[in-house]
Amino acid sequence: MKKTVLIIDDSALARRTVKNLLENDGFEVVGEVEGGPNAINQFKELKPEIVTMDVSMDKMDGFKALNDILNYNPEAKVVVITSMAQEDAVKRSVELGAKYFIAKPFEGTELVEIIEKVLNNQVFEH
């Protein structure tokens, strides 16, 4: 069975990049969302095994979306992928419950490796 992923990012290019990398490695992208309240609804409807999301989005604060997803399902596995890699953004994402934080730009192998580890509940040093 394929591992299911929901991609939340307001950049179509970023969504396409993440989707291609993950699909090439055997993941099933069950949804792509620009952000906003629809992201939370898609998470509830699609029930993905893992979520990748940007915290810097125009239509909705990614921190709020992360918080809403984890309030709905505290066991949700969310990996934040963003160009907003300042220390406070990393710290806030992890405090809210993100499993890992990846700074853009990133290596494709790095993304797949991190997502595999998060799915297998492996612990990271932040």
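Read-outs throughout are calculated quantities, based only on the coordinates presented, and are distinct from any laboratory measurement. What you see is a predicted model, and the numbers here were worked out from it, not measured in a lab. Don't worry about glycine lacking a Cβ; one is built from the backbone with ideal geometry, like all the others, and counts go over all protein chains shown.
Quick look at the numbers
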{"read-out": "Neighbour net charge for THR4 - beta-carbon separation under 15 angstrom, K R +1, D E -1", "value": "-2"}
{"read-out": "12 Å beta-carbon shell around LYS19, net charge (K/R +1, D/E -1)", "value": "-3"}
{"read-out": "Too-long pairs where the Cα-Cα distance tops 25 Å, listed order kept, from LYS2/LYS91; LYS64/LYS104; LYS3/LYS91", "value": "LYS2/LYS91; LYS3/LYS91"}
{"read-out": "Rel. contact order, % - alpha carbon contacts under 8 angstrom, at least six apart, region 3-119", "value": "23 percent"}
{"read-out": "Backbone HN-Hα couplings from phi across region 36-42 [Karplus 6.51/-1.76/1.60, Hz, Gly and Pro as x]", "value": "x, x, 4, 4, 5, 4, 5"}
{"read-out": "Cβ-derived FRET efficiency at R0 30 Å, ASN67 paired with LYS2, nearest 0.05", "value": "0.60"}
